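The structure under discussion appears below in the form of structure tokens.
None of the figures in this text is laboratory data; all of them are computed from the coordinates on show. Nothing here was measured: the structure is a model prediction, and the numbers come from that model. Cβ placement follows ideal geometry from the backbone for every residue including glycine, while neighbour counts extend to all protein chains displayed.
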Amino acid sequence: MDPIISTILSIIIMVFLGFILKKINLVQEKDVDSLNKIVINLFMPCMIFNALFAADLSSISNFAFLPVVMILSATITGIIAFFILKFFNFSKEKVWSVLVTILLSNTAFLGFPVALGIFGNDGLIRAIFCDMGTLIIFLSVSFILFLVFGGTIKEAIKKILLFPPLWAVILGISFNLLNIPIGEIPSTIITYLAGGAIPLIMISLGLSLKFDGLKWNKNMIAFTSIFKLLIFPLIAFCIINIFNFSGLEYKIALIEAAMPSGMLTMVLAITYGLDIRLTSDCVLSNTIFSLISLPIIISIL
């Protein structure tokens, strides 16, 4: 079987495994938060550190523009969406509840498994750099929402500085370039924990799926899905060609730009008092739609 088809099918099956586990009450939806905390604070940092620590970073300068692609794509797409929403006189709360789902991509929770499954560790390394762009977008949007709705700048900065995957990137690159050994036992433990990241991520996504979300906020769901899954990657495609990307950088940049809305959108919705139901429906709906759009994009690369 083609490795791309095999990877996508494996991911879809694992996602729906989580959905089935929820339906048969073996795992409950309330467990999603606990699983996500384990993934974000332990398994994913180990996976990122393990990949970067063992990687050949001699061409690290070639990866520098990957975060730039994500930032520029999000900025351009977000500006277009913002003016359309304002033209139709939607409330400030509704505008930003939708915008956060367009600006932030699921470059980690879904992007990492896809990149690793199809392109191996080399693909994962590049996906990690794309995710650095998403983290920068998250920080920037946090400050904008603080100015628009009020909040605590200190809390926004704290969330970023204490974000374990960020430190996994910093430490992984530092230990690699400085050739700092970590020892056999720590290396083995990190490798074992890293191996648990992908299954837990997929099961967590499956637990989060709610097909009844399609019944609510239909117009906004359609608007968000078109911008997130079509316009965002089209703009990224243009930027990638302007920068003359090629090879694996080209493929990973486009695949990461085609990811659905990131789970960090819910953090922003809750922190700044946005329309949580609207944001949640948009995120979960375009995540479902991406299971169709992503295989199409990947197959034509």
query: Which of 75, 287, 224 comes first, and how do the rest follow, when ranked by fewest Cβ neighbours within 10 Å?
result: 75, 287, 224
field: Cβ-based charge dipole, the chain, positive-most Cα from 244, 255, 282
entry: 282
message: Per 0.36 nm of contour for each residue apart, how much would the distance between residue 20 and residue 267 grow if the chain were fully extended, relative to their Cα-Cα spacing?
response: 86.3 nm
- prompt: Applying the Karplus parametrisation 6.51 cos²θ - 1.76 cosθ + 1.60 with θ = phi - 60° to the phi angles of region 194-200, what ³J(HN,Hα) value in whole Hz is obtained for each residue in order, glycine and proline being reported as x?
  reply: 4, x, x, 5, 4, x, 5
message: A 20 angstrom limit on the alpha carbon distance is what I want to check against. Which of 94/218; 23/218; 228/251; 86/228; 86/218 exceed it?
response: 23/218
query: Expressed in nm to one decimal, what extension gain is obtained for the pair residue 54 and residue 42 from 0.36 nm per residue of sequence separation less their Cα-Cα distance?
result: 2.5 nm
message: For a Förster distance of 35 Å, can you work out the FRET efficiency between the beta-carbons of residue 6 and residue 146, rounded to the nearest 0.05?
response: 0.20
- prompt: Near residue 56, within a Cβ-to-Cβ distance under 13 Å, what is the net charge of the other residues, with Lys and Arg +1 and Asp and Glu -1?
  reply: 0
task: Collect residues whose amide H, placed 1.01 Å from N in the peptide plane, falls under 5 Å from the amide H of residue 105; neighbours closer than 5 in sequence don't count.
output: 262
query: From Cα coordinates alone, what are the radius of gyration and Dmax values for region 3-295 in angstrom?
result: 18.4, 60
message: Expected output is a single nm value to one decimal: the length gained when fully extending between residue 218 and residue 76, i.e. 0.36 nm times separation in residues minus the C-alpha distance. What is it?
response: 48.7 nm
Using a Förster distance of 22 Å, the FRET efficiency for residue 246-residue 300 (Cβ separation, nearest 0.05): 0.85
- line: Expected sort for 187, 261, 91 with the fewest Cβ neighbours (10 Å cutoff) up front is 91, 187, 261
- request: Mind pulling the angle between the C-alpha long axis of helix 232-242 and the longest principal axis of the chain? Nearest 10 degrees, somewhere in 0 to 90.
  value: 50 degrees
